[in-house]
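K.L.:
I'd like to ask some things about the structure below.
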Amino acid sequence: MKTSALRRFLKYVTYDTRSDEHSSTFPSTSGQLDLLRELVTELQQLGLHDASMDDYGYVMATVAPTAARDNTPVIGFIAHVDTSPEMPGHDVRPLVHEHFDGGDIVFPDDPSIILRVADNPPLAAQIGNTIVTASGLTLLGSDDKAGVAEIVAAAEYLLSHPEIPHGRVRIAFTPDEEIGRGADHFDVTRFGAECAYTLDGGSRGELEFESFSADAITVTFKGFNTHPGYAKGRMVNAIRVASDFVARLPRDMMSPETTDGYDGYLHPYQVHAAVDATSVKVLVRDFVTGKLKEKETYVQELAREVVRMHPGASVDFRIEESYRNMREVLEQYPRVVDYARQAIRRAGIEPIERPIRGGTDGSRLSFMGLPTPNLFAGEHNFHSRLEWVSAEDMDSAVEVIVNLCRIWADQSLITNP
Ligand SMILES: [Zn+2]
């Protein structure tokens with residue numbers, strides 16, 4: 001199936017849509033609005049006349065149902081337009097490598113950057129395909145402009161193939177996913193879908209419906225500051241207390257450096273240090289929400305134990321919920337994932353199902369009333385200058401979207417003839 005995904009993708013990556021976690025505006029950067037406006041225009045040109053952007057920058061649009069499919073449940077497809085704040089995303093120069101022969105791809109703007117099959121096993125399956133990379137100075141932005149391009153291309157495909165039955169299909173493009181705000185102002189009621197699929201995954205065939213449950217715990221140690229020249233017997237240095245605490249956090253287990261698969265972790269990732277007060281922010285991750293609490297209790301007990309070794313010091317805690325394992329919601333709607341599996345198989349691909357050791361916008365949307373698993377978009381090495389995507393994988397993702405629309409329509413005829 002040949003689609004317009006590649007052509008669209010090559011245009012979208014030229015927009016600088018890097019998000020910024022230090023910004024207090026929404027969206028966090030204006031470059032995202034430029035691409036979102038462009039998407040409204042493109043969707044309208046395709047014939048999605050209700051395409052519009054709301055006050056927060058979210059773009060939504062509808063592909064109208066084919067004849068007599070009004071009763072099919074409304075499903076949605078979602079992708080984010082922003083790119084990682086960790087990497088340069090301006091003046092992206094996408095390079096198209098046709099008929100990939102398995103040899104090294106050297107990036108012209110920085111020849112020290114080389115994409116090799118040996119370091120990237122999924123590339124071995126791409127011999128003969130069209131690979132897109134950046135040029136060496138920036139990321140590419142396939143996370144998640146590949147997903148955006150696939151959704152627009154799928155809408156175009158459905159409109160030009162009216163013989164494919166489908167219900168009402170909703171589309172949304174969102175800002176600020178990379179800084180964890182992508183679901184903040186998502187209007188689930190206005191979207192009006194029974195379920196949705198984010199197109200924001202990696203290798204062809206990936207289907208993700210399990211994510212971490214995540215909290216952050218801020219541990220603040222309070223000491224007592226005084227002039228260091230006259231501090232004998234009086235000063236309590238919160239930096240020393242916090243250092244003892246960090247040194248005692250588990251390292252050989254329960255840490256990001258030593259866990260994978262279904263194991264959760266504790267990850268100290270930010271310290272604000274001063275003698276008077278030092279706070280340590282610790283990410284808490286587990287696939288089982290109940291086990292987050294156990295890990296948090298462990299952190300609190302450890303911190304209190306350290307404080308007892310430093311007379312005069314004290315500690316307090318703040319726990320913030322980040323997101324929850326979407327599986328807890330998706331288990332209640334088994335056909336949402338089942339139909340995705342069928343849609344992938346119908347595209348001739350074996351589904352690859354594995355837990356996400358992180359969160360997606362779908363993790364939050366699922367708990368906001370919109371069950372949302374994640375489908376592959378073909379992105380690889382995201383948040384890196386070695387990022388790549390293949391045109392064939394993007395076309396496969398479009399095919400999966402089209403298949404899903406058809407499967408929902410066919411299944412609803414069976415269940416409510
Ligand atoms: Zn993404």
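K.L.:
Averaged per residue, what accessible area in Å² does the range 314-417 show with a 1.4 Å probe, protein chains only?
P.N.:
In whole numbers, the range 314-417 has 40 Å² accessible per residue.
K.L.:
Once fully extended, how much extra length lies between HIS49 and LEU413, figured as 0.36 nm per residue of separation less the alpha-carbon to alpha-carbon distance?
P.N.:
Length gained between HIS49 and LEU413: 128.3 nm.
K.L.:
Now for a different question. Per-residue counts of other Cβ atoms within 10 Å, averaged by peptide: what ranking do you get for 297-310, 380-393, highest first?
P.N.:
Highest mean packing first, the order is 380-393, 297-310.
K.L.:
When N counts the residues of the range 281-417, how does its alpha-carbon radius of gyration compare numerically with 2.2 N^0.38 Å, as a ratio? Please list the in-between numbers first.
P.N.:
On the way: Rg = 21.3 Å, N = 137, 2.2 N^0.38 = 14.3 Å.
Compactness ratio reported: 1.49.
K.L.:
Quick one: which residues, 5 or more positions from LEU95 or on another chain, have an amide H under 5 Å from its amide H? H modelled 1.01 Å from N in the peptide plane, none for Pro or chain starts.
P.N.:
THR133, ALA134
K.L.:
So for the range 30-78, averaging the separation of alpha carbon pairs under 8 Å that are six or more residues apart and normalising by length, what relative contact order in percent results?
P.N.:
Here the relative contact order equals 26 percent.
K.L.:
Note down the relative contact order for the range 79-176 as a percent, whole number, built from C-alpha pairs under 8 angstrom at least six residues apart.
P.N.:
42
K.L.:
What angle do you read, to the nearest 10 degrees and between 0 and 90, between the alpha-carbon axis of helix 289-308 and the longest principal axis of the chain?
P.N.:
Between helix and principal axis, roughly 20 degrees.
K.L.:
Separate question: What area, in nm² and to one decimal, does the C-alpha convex hull of the chain cast on average over all directions?
P.N.:
Mean projected area for the chain: 22.8 nm², to one decimal.
K.L.:
Using 21 Å as the Cα-Cα cut-off, could you pick out the over-long pairs in LYS232/LYS281; LYS145/LYS281; LYS2/LYS145? Before the final figure, lay out the partial values.
P.N.:
Details: LYS232/LYS281 30 Å; LYS145/LYS281 32 Å; LYS2/LYS145 18 Å.
Result: LYS232/LYS281; LYS145/LYS281 exceed 21 Å.
K.L.:
With each run of n ≥ 4 DSSP H residues scored as -39500 (n - 2.57), what mean residue ellipticity at 222 nm is computed for the chain after dividing by its residue count and rounding to the nearest 500 deg cm²/dmol?
P.N.:
Mean residue ellipticity at 222 nm (helix-derived): -9500 deg cm²/dmol.
K.L.:
While we're looking at this one, here's another question. Can you tell me the dipole magnitude for the range 291-417 around its Cα centre, using point charges on the Cβ only (Lys, Arg +1; Asp, Glu -1), in Debye to the nearest 20?
P.N.:
So the dipole magnitude of the range 291-417 works out to roughly 340 debye.
K.L.:
Over the range 324-385, what is the relative contact order in percent, taking alpha-carbon pairs closer than 8 angstrom and at least six residues apart? Write down the numbers at each step before the final one.
P.N.:
Details: 40 pairs, mean separation 27.1, N = 62.
It comes to 44 percent, rounded to a whole number.
K.L.:
In nm, to one decimal, how far is the modelled label at ILE127 from the one at ILE239, with both set 7 Å along Cα→Cβ?
P.N.:
For ILE127 paired with ILE239, the spin-label model returns 5.7 nm.
K.L.:
For the Cα atoms of the chain, what angle does the longest principal axis make with the long axis of helix 334-346, in degrees from 0 to 90, nearest 10?
P.N.:
So the helix axis and the longest Cα principal axis differ by about 60 degrees.
K.L.:
Looking at the range 1-108, what % of the alpha carbon pairs are farther apart than 21 Å?
P.N.:
Values: 2990 of 5778 pairs.
Cα-Cα pairs of the range 1-108 separated by over 21 Å account for 52 percent.
K.L.:
Mind checking the angle between helix 238-248 and the chain's longest principal axis? C-alpha axes, 0 to 90 degrees, to the nearest 10.
P.N.:
60
K.L.:
Over the chain, with every protein chain in place, what whole percent of the accessible area is carbon and sulfur at 1.4 Å, could you tell me?
P.N.:
Taking all protein chains in place, the chain shows 50 percent carbon and sulfur surface.
K.L.:
Here's a follow-up. What shape does the range 235-347 take by its C-alpha gyration tensor, where a ≥ b ≥ c are the square roots of the eigenvalues and a/c under 1.5 counts as rounded, a/b above b/c as prolate, and the rest as oblate?
P.N.:
Taking the square roots of the gyration eigenvalues as a ≥ b ≥ c, the range 235-347 is prolate.
K.L.:
Now for a separate question. So what are the range 108-198's ellipsoid semi-axes, whole angstrom, largest first, if each one is the square root of 5 times an eigenvalue of the alpha-carbon gyration tensor?
P.N.:
Working: eigenvalues 215, 84, 25 Å².
So the three semi-axes of the range 108-198 are 33, 20, 11 Å.
K.L.:
What FRET efficiency comes out for GLU305 versus ASP104 if R0 is 35 angstrom and r is the Cβ-Cβ distance? Round to the nearest 0.05.
P.N.:
Step by step, r from the Cβ atoms, then E = 0.10.
K.L.:
Taking H as built 1.01 Å from N, whose amide H comes closer than 5 Å to the amide H of HIS380, not counting residues under 5 places away?
P.N.:
Sorted by chain and number, the residues that satisfy this are TRP388.
K.L.:
Then there's this: With the crude spin-label approximation of a point 7 Å out along Cα→Cβ, what separation in nm comes out for GLN332 versus VAL188?
P.N.:
Here the modelled spin labels are 0.9 nm apart.
K.L.:
Could you check the simple spin-label distance between LYS293 and THR25, using points 7 Å along Cα→Cβ, in nm with one decimal?
P.N.:
The answer from the label model is 4.3 nm.
K.L.:
Would you please give the FRET efficiency between ARG93 and VAL246, computed as 1/(1 + (r/R0)^6) with r the Cβ-Cβ distance and R0 = 45 Å, to the nearest 0.05?
P.N.:
Efficiency at R0 = 45 Å is approximately 0.60.
K.L.:
Just to verify a number: FRET efficiency for THR226 and ILE319, C-beta to C-beta distance, R0 = 51 Å, to 0.05?
P.N.:
According to the calculation, E is roughly 0.95.
The values are calculated or read from the model by the stated rules, or taken from the named source; none is laboratory data. What you see is a predicted model, and the numbers here were worked out from it, not measured in a lab. Virtual Cβ from ideal backbone geometry, glycine too; neighbours counted across all protein chains shown. All accessible areas refer to the heavy atoms of the entire protein, side chains included, with ligands and DNA or RNA removed. Shrake-Rupley method; radii C 1.70, N 1.55, O 1.52, S 1.80 Å.
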